[in-house]
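Below: one structure, written as C-alpha cells.
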Amino acid sequence: MILLLSFDIHRKGGIERLTIHVKHALESSGYSVKLLTPKTIGPSWWGRQLGRFWFLLQLVPSLLRSKKILSMHVLLLKPVGWLQCCRRRNQSLHCWAHGIEVWGKNQSLHKNELMRCRSLLASSSFTQKQLATLNYDIKVIHPTADLFDPATEPKSLPESLKLLTVARMCRQEHYKGHELIIHAMHKMHQNGELPQGLRWDVIGDGDQRPELEKLVQELGLQPWVCFHGSVSDSELRTAFQQSSVFLMPSHFEIDSQGNASGEGFGIVYLEAALAGRASIGCKEGGQTDLIQDKRTGWLIEPNIPALIDVMRIMFNHPEIIATYGANARKYALKNFSVEHFRVQLMNALMI
C-alpha cells in the first residue's frame with residue numbers, strides 16, 4: 001500500500017488538485033492507495049486541534065501498513081517524524097516540493113524533515129534548482145491539468161483583445177502581478193494607447209481585492225477592467241475560451257529576511273495552454289518550464305516598461321497571439337499530458 005498524505009481534497013487549491021491526479025495515476029497503475037488528510041472537526045481552535053489529533057490516530061495504523069509514503073507538502077512530514085517508531089522497516093518516504101514552502105528561509109526551516117526523505121519530487125526545474133544546495137535526489141514531475149479535454153479543439157480567439165488573469169488577490173501573495181498590470185494599463189491610458197475593445201478579466205478573490213478595485217477606479221480604468229471573484233470550473237473554462245491571452249506576471253524574489261515569492265509551477269499557465277492561449281509570465285519561476293519565450297508566449301522582467309512592450313506587440317500584431325496560442329497547446333499536449341505525468345511519477349517513486 002502507498003500512503004498519500006495531503007490537505008483536504010475538497011478544497012480548490014492547486015496542491016489538492018495535484019493530489020487527486022497523483023491518486024488516480026497510482027491507482028490506474030494498479031497500486032493500492034490510502035489517502036489521509038487532516039480536517040477540522042468542529043469550530044474554532046478546538047476543532048482544529050481535535051482534527052489534528054484524529055489525523056495522528058489514523059496515521060499510526062497507516063504507517064504500519066504502508067510500503068511507501070508520499071507527502072504532498074513538507075508540513076505533513078512533521079507528524080511522520082513524531083511517529084517514527086510506528087514506521088515499517090525499509091519503508092520509503094518521499095515529499096513533493098512545490099515552491100515557496102521550500103524556497104529561501106523555509107528550506108532551512110524544513111531541512112531536517114526534507115533530508116529524512118528518500119527522494120524529493122519537484123513541480124518544476126526551477127524548484128529543483130532552488131533545492132540544489134541540499135545535494136539530494138530531486139526529481140522533476142510536472143503537474144498535469146484536467147480543466148480541458150485534450151481531444152476537444154480550442155475555441156477561436158475573440159475579435160477584440162481580451163486579457164485574463166486567474167489568481168488569488170492576497171497581501172501574502174502580492175507577487176501575482178495585479179498591481180503591475182494596473183499600472184502598465186494606466187501608463188498606456190495616459191498615452192492614449194488603450195483600445196476601446198480591450199478588456200482585462202480578473203478572476204479570483206482575497207483580502208487585497210478591495211484595494212485593487214479601488215486603484216482601478218482611481219486611475220479611471222473601469223471601462224477596461226472587470227473583477228469576477230471566485231468562479232466554478234465551468235465558468236473558468238468559459239473564461240479561458242473567451243480570452244485572447246493569459247496574463248499573470250508573477251515574479252520570483254527572496255527578500256533580505258529570506259522570505260520567498262513566486263510560482264512553483266503555475267497550473268493556470270498550463271490550463272491556458274490547453275485552451276490554446278498564449279501566456280505572459282516573468283523570467284524567473286516555475287512557469288519557465290511551461291512558457292517558451294516568443295514561441296508559446298512571453299517571459300518578461302517584472303516591470304512596467306517590459307509589460308507595455310509586450311502589450312504593444314499584441315495590439316499591433318494580433319496574428320502573433322494565435323500562433324503562440326497554437327504553439328502553447330501543442331507543447332502542453334506533448335509534455336504535460338496525464339500519461340506523461342503518470343510515467344514520470346512511476347519513475348520517480350521507482351515503482
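Data for the structure
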{"item": "Residue in the stretch 219-254 that is surrounded by the most Cβ atoms within 10 Å (Cβ to Cβ), counting only those that are outside any helix (DSSP H, G or I) and over 21 Å from the mean Cα position of the chain (by Cα)", "result": "VAL225"}
{"item": "Residue match in the stretch 75-84 (condition: part of a loop (DSSP other than H, G, I, E, B), under 25 Å from MET350 (Cβ atoms) and modelled with pLDDT of 95 or more)", "result": "no"}
{"item": "In the stretch 100-149, the residues that are small (Gly, Ala, Ser), outside any helix (DSSP H, G or I) and touching a helix residue (DSSP H, G or I) at 6+ places or on another chain (Cβ under 8 Å)", "result": "SER119, ALA122, SER123, SER124, ALA145"}
{"item": "Breaking point among (1) of a type outside the set (Lys, Arg); (2) surrounded by 17 or more Cβ atoms within 10 Å (Cβ to Cβ); (3) not assigned by TED's automatic domain parsing to the domain that holds GLY99, for ASP149", "result": "(2)"}
{"item": "Residue pairs meeting the criteria (Cβ under 7 Å; at least 6 apart or on separate chains; first free of Cβ contacts under 8 Å to residues at least 24 places away in the same chain, in the stretch 273-284; second in a strand (DSSP E or B))", "result": "LYS283/LEU299; LYS283/ILE300"}
{"item": "Restricting the stretch 314-339 to residues that are out of contact with any helix residue (DSSP H, G or I) (no Cβ under 7 Å at 6 or more places or on another chain) and outside any helix (DSSP H, G or I), the residue that is farthest from LEU164 (Cα to Cα)", "result": "SER337"}
{"item": "Residue that is modelled with the highest pLDDT, among those in the stretch 169-181 that are surrounded by fewer than 21 Cβ atoms within 10 Å (Cβ to Cβ) and within 21 Å of LEU299 (Cα to Cα)", "result": "GLU179"}
{"item": "Selection count, the stretch 150-169, where residues are within 15 Å of the chain's Cα centre (by Cα) and in a loop (DSSP other than H, G, I, E, B)", "result": "3"}
{"item": "Candidate set from the stretch 1-24 (those that are among the hydrophobic types (A, V, I, L, M, F, W, C) and in a helix (DSSP H, G or I)); member that is surrounded by the most Cβ atoms within 10 Å (Cβ to Cβ)", "result": "VAL22"}
{"item": "Answer residue from the stretch 10-28, given it is more than 13 Å from the chain's Cα centre (by Cα) and within 15 Å of ASP233 (Cα to Cα) and is modelled with the highest pLDDT among those", "result": "HIS10"}
{"item": "The stretch 256-272, residues that are assigned to a loop (DSSP other than H, G, I, E, B) and touching a residue at least 24 places away in the same chain (Cβ under 8 Å)", "result": "GLN257, GLY258, ASN259, GLY262, GLU263, GLY264, PHE265, GLY266"}
{"item": "Close pairs from the stretch 191-217: first under 11 Å from HIS178 (Cα atoms), partner of a type in the set (Asp, Glu) and surrounded by fewer than 20 Cβ atoms within 10 Å (Cβ to Cβ), Cβ under 8 Å, at least 6 apart", "result": "LEU212/GLU179; LEU215/GLU179"}
{"item": "Qualifying residue in the stretch 201-208 (condition: charged (D, E, K, R), in a helix (DSSP H, G or I) and under 24 Å from GLY258 (Cβ atoms))", "result": "no"}
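For (1) in the same structural domain as GLU173 (by TED's automatic domain parsing); (2) out of contact with any Asp or Glu (no Cβ under 7 Å at 6 or more places or on another chain); (3) on the phi < 0 side of the Ramachandran plot; (4) surrounded by fewer than 19 Cβ atoms within 10 Å (Cβ to Cβ), each residue gets a yes or a no:
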site	(1), (2), (3), (4)
LEU26	no, yes, yes, no
SER29	no, yes, yes, yes
LYS39	no, no, yes, yes
PHE53	no, yes, yes, yes
LEU59	no, yes, yes, no
LEU75	no, yes, yes, yes
ARG88	no, yes, yes, yes
TRP103	no, yes, yes, no
ARG118	no, yes, yes, yes
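The values are calculated or read from the model by the stated rules, or taken from the named source; none is laboratory data. Every value quoted in this text rests on a predicted model; they were computed, and no experiment measured them. So basically every Cβ, Gly included, is an ideal-geometry build from the backbone, and we count neighbours across all protein chains shown.
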